[in-house]
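This report concerns only the one structure given below.
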Amino acid sequence: MPKSGTAQSANAKRKKNGLKGQVCVPQQGRLNEETVPASEKQTGQNSSREFIWNEDRPTSENYAALGERLAQCGVLFRSPQYGSGMLLLLPDGKHVTITRGPDLLPVIIDNVDVMVIKNGKASGTVISASHLNAMLKSNSFLDEFIKLDRISRVPMHLPGFSITQPGFNNGGPDHRVVYVGKDPEISWGLETITSFLDVMAFATKADRTNAVAALLTVQLWNHWPGGKPVILVTASKSHAGKDTVIMFATGLHRSVEIAYQPADWAVERSFVDAVKANPEVAVVVVGNARVDGHGEQIASAFLERFATDPEPQLFSTGSKGPPLRVRNSYVVAISTNFGTVSEDIMNRALPIHLNPVGNVAERQSPIGNPKEEFLPANKEKIASELYGMIEKWREAGQPLDDDVKHPFSIWAKTVGGILKVNGYTDFLANYGV
């Protein structure tokens, strides 16, 4: 990986003084080096676990040498924002953020055997806490690692709308991704998606098309920060399938649900706590929102502001942890039977309305229970057809839908273009109705 001037200088001094960056002993879950560009790879030949931390040499040299060694393990990556720590890839494909020295120490212990030298003599096997904390904010240490924005277990679409492949995908700032799943399967048919849409009681053709737009919006969650709509699913009666539509739109991605509360500070606190506790989440669902006598509309100044903020600060009085400013890659979804939403939320919405006729408890579905049976069994097929929709649009030259109208115009034109290429019509025809 290209080094900064600081790291280059430290590496030159380290080599001159005889310090060697050893190849890390491979650990389960390490990044496949074949997927890493040559410019991003580290070098080294000795597979010994031994690492010398020499207190008699400049601190920057020790930091750079240890950073180089740990980077070769393929499980540690640098977060781009200053002070935001590092990402540690776990064997199961999940990841945790390391922002404190005590959390870095076990990673070092698991990968190298440290020998601390002081005044020319061995003086211990553990690096001091002050150094551990300092390294997490020092470029001498951090510059040795690949900058990474996300570790994902679900295929993502990078700028240009190419799909990620297993390993490291360098899509540039905000889109540097390690994808730890299998090769994405792309299907050119729409049979599974159509089977689902056919059994749902959409009020209009526009509502049906908007459900597919919601599926696309979640898949492209890392695009258009502060420029994506709120997925608003409403129904004329209970058990119409609102949660089922949101489950369809979420696809393979992670979602978390919070309860709507009339007090806006309570909504904000629930949202912030949920997102901080679930770093892989892509969709935040405000489930079954209702007014319950507290006013006439479902409204939230926080959600309205969040939807349009490209880089919101996640903090609320009483929430856990310090404020955290993040890139707005989240999709917000609201489901409701009762009451109406505020004009500000409606203006930011992708509306989907369900209007079932008759007794919903007596409905017979040719695909079984859509929520409990069909979607869990077919989510991989739906994802493959979704990838095929985007690929077909790419091959067509990525045409935009210049006729569609929505405040989030770039999102609308892009998603509208994908829908048109794949034969879907009436996108957003119910917007503002």
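The values are calculated or read from the model by the stated rules, or taken from the named source; none is laboratory data. Values in this document were obtained by computation on a predicted structure and should not be read as measured data. All Cβ positions, even for glycine, are placed from backbone atoms using ideal geometry, and neighbour counts span all protein chains on display. These area figures cover heavy atoms from the full protein model, side chains too; ligands, DNA and RNA do not enter into them. Shrake-Rupley method; radii C 1.70, N 1.55, O 1.52, S 1.80 Å.
Residue-by-condition table, conditions (1) free of Cβ contacts under 8 Å to residues at least 40 places away in the same chain; (2) assigned to a helix (DSSP H, G or I); (3) open to solvent by 40 Å² or more (accessible area, probe 1.4 Å); (4) more than 18 Å from Gly251 (Cβ to Cβ):
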| residue | (1), (2), (3), (4) |
| --- | --- |
| Leu386 | no, yes, no, no |
| Gln398 | no, no, yes, yes |
| Gly417 | yes, yes, no, yes |
| Thr425 | no, no, yes, yes |
| Tyr431 | no, no, yes, yes |
Next item on the list: Tell me which residues, restricted to the stretch 88-120, are assigned to a helix (DSSP H, G or I) and of a type in the set (Gly, Ala, Ser).
Entry: Gly101
Checklist line | So Arg69, is it basic (Lys, Arg) and either closer than 21 Å to Pro279 by Cβ or within 24 Å of the chain's Cα centre (by Cα) (or both) | finding: no
Item checked: Residue check for Thr244: at pLDDT 95 or above, part of a helix (DSSP H, G or I), open to solvent by 10 Å² or more (accessible area, probe 1.4 Å) and within 22 Å of Ile345 (Cβ to Cβ) -> yes
Next item on the list: Mind counting the residues in the stretch 232-278 that are closer than 23 Å to Gln313 by Cβ and among the small types (Gly, Ala, Ser)?
Entry: 7
Notebook entry, point to check: When the residues of the stretch 149-167 are filtered to those that are surrounded by 21 or more Cβ atoms within 10 Å (Cβ to Cβ) and among the hydrophobic types (A, V, I, L, M, F, W, C), which remaining residue is modelled with the lowest pLDDT?
Noted result: Ile151
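Let's see how each residue does on (1) touching a residue at least 60 places away in the same chain (Cβ under 8 Å); (2) among the hydrophobic types (A, V, I, L, M, F, W, C); (3) open to solvent by less than 40 Å² (accessible area, probe 1.4 Å); (4) not in a strand (DSSP E or B):
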site: Ile193; (1), (2), (3), (4): yes, yes, yes, yes
site: Leu215; (1), (2), (3), (4): yes, yes, yes, yes
site: Ala240; (1), (2), (3), (4): yes, yes, yes, yes
site: Glu257; (1), (2), (3), (4): no, no, no, no
site: Arg269; (1), (2), (3), (4): no, no, no, yes
Notebook entry, point to check: Somewhere in the stretch 401-416, is a residue of a type outside the set (Gly, Ala, Ser), out of contact with any helix residue (DSSP H, G or I) (no Cβ under 9 Å at 6 or more places or on another chain) and more than 25 Å from Trp188 (Cα to Cα)?
Noted result: yes
Checklist line | Selected residue (only one of Pro323, Pro407 is free of Cβ contacts under 8 Å to residues at least 24 places away in the same chain, within 25 Å of the chain's Cα centre (by Cα) and within 29 Å of Ala259 (Cα to Cα)) | finding: Pro323
Note to self: So for the stretch 340-362 (the condition being touching a residue at least 40 places away in the same chain (Cβ under 8 Å), closer than 29 Å to Asp183 by Cα and open to solvent by 50 Å² or more (accessible area, probe 1.4 Å)), does at least one residue qualify?
What the structure shows: no
Notebook entry, point to check: Can you tell me how many residues in the stretch 73-87 are part of a loop (DSSP other than H, G, I, E, B) and crowded, with 23+ Cβ neighbours inside 10 Å?
Noted result: 2
Next item on the list: Go through the stretch 195-209 and give me each residue that's under 27 Å from Ile163 (Cα atoms) and open to solvent by less than 30 Å² (accessible area, probe 1.4 Å).
Entry: Phe196, Leu197, Thr209
Notebook entry, point to check: Being touching a strand residue (DSSP E or B) at 6+ places or on another chain (Cβ under 8 Å) and open to solvent by 50 Å² or more (accessible area, probe 1.4 Å), is that true of even one residue in the stretch 127-144?
Noted result: no
Margin query: I need the full set of residues from the stretch 244-281 which are farther than 27 Å from Val178 by Cα and aliphatic (A, V, I, L, M), in order please.
Written below: Val245, Ile258, Ala259, Ala263, Ala266, Val267
Checklist line | Residue that is nearest to Asn139 (Cα to Cα), among those in the stretch 97-106 that are touching a helix residue (DSSP H, G or I) at 6+ places or on another chain (Cβ under 8 Å) and open to solvent by 10 Å² or more (accessible area, probe 1.4 Å) | finding: Arg100
Item checked: Hits in the stretch 168-188 (condition: open to solvent by 20 Å² or more (accessible area, probe 1.4 Å) and farther than 19 Å from Gly93 by Cβ) -> Asn170, Gly171, Pro173, Asp174, Ile186, Ser187, Trp188
Next item on the list: With respect to Pro310, determine if the residue is at pLDDT below 90 and assigned to a loop (DSSP other than H, G, I, E, B).
Entry: no
Notebook entry, point to check: When residues of the stretch 247-258 are filtered for being closer than 13 Å to Lys379 by Cα and aliphatic (A, V, I, L, M), how many remain?
Noted result: 3
